[in-house]
1. On full extension of the chain, what length is gained from Ser6 through Ala74, given 0.36 nm per residue of separation minus the C-alpha to C-alpha distance?
2. Rounded to the nearest 20 debye, what is the charge dipole size of the chain about its Cα centre when +1 sits on each Lys and Arg Cβ and -1 on each Asp and Glu Cβ?
3. Percent relative contact order of the range 9-129, based on C-alpha pairs within less than 8 angstrom and at least six residues apart?
4. Using modelled backbone amide H atoms (1.01 Å from N, in-plane), which distant-in-sequence or interchain residues come within less than 5 Å of His100's amide H?
5. Let me know the Rg and Dmax you get for the chain when you use only its Cα atoms, in Å.
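Please treat every number below as a calculation from the coordinates, not as lab data. Fair warning: this is a prediction, and the values are worked out from it, not measured in the lab. Using ideal geometry, Cβ is built from the backbone for each residue, glycine included, and neighbour counts are taken over all protein chains shown.
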Amino acid sequence: MRMKPSLSYDDARTIATGCLDAAAQHGVAVCIVVVDDAGALICAHRMDGARQYTIDLASQKARTAASIGVPTRALEALNRTRQAGGHDGLAGPGGSPVMHDGACAGAVGVSGAQPDIDEAIAVAGLGALSR
């Protein structure tokens, strides 16, 4: 039998809180979505002022990162060279997988700011989990 890592609700809350803190430091209003390894929702936050469609974009980024096990920025780079192999590439930077012992335990997606800021916020959320 193979055991695989998975995020708990407390893990997801820790990631989301780290993202919320980073968004506040950047002075932006974003949506944050944390999913399990299958892309199923664990928790979501829409900050005051975040545009309504950004929750869907954050969800897509999180699900994409969970399904491929790499940050969505890597998918964007593959799409530029047309090597993505079926992924639509609409996610853009801001999705990051949560890796544990080489396996994807889930992912976080952030949307609502510039792509580089979305990505920085997602990475900050992952950093909060490792503290």
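1. Details: separation 68, 0.36 × 68 = 24.48 nm, distance 2.26 nm.
Here the segment from Ser6 to Ala74 would lengthen by 22.2 nm.
2. On the way: 11 positive and 13 negative charges, 45 e Å.
For this selection, approximately 220 debye.
3. Numbers: 284 pairs, mean separation 40.2, N = 121.
Relative contact order, the range 9-129: 33 percent.
4. Ala105
5. 13.5, 46
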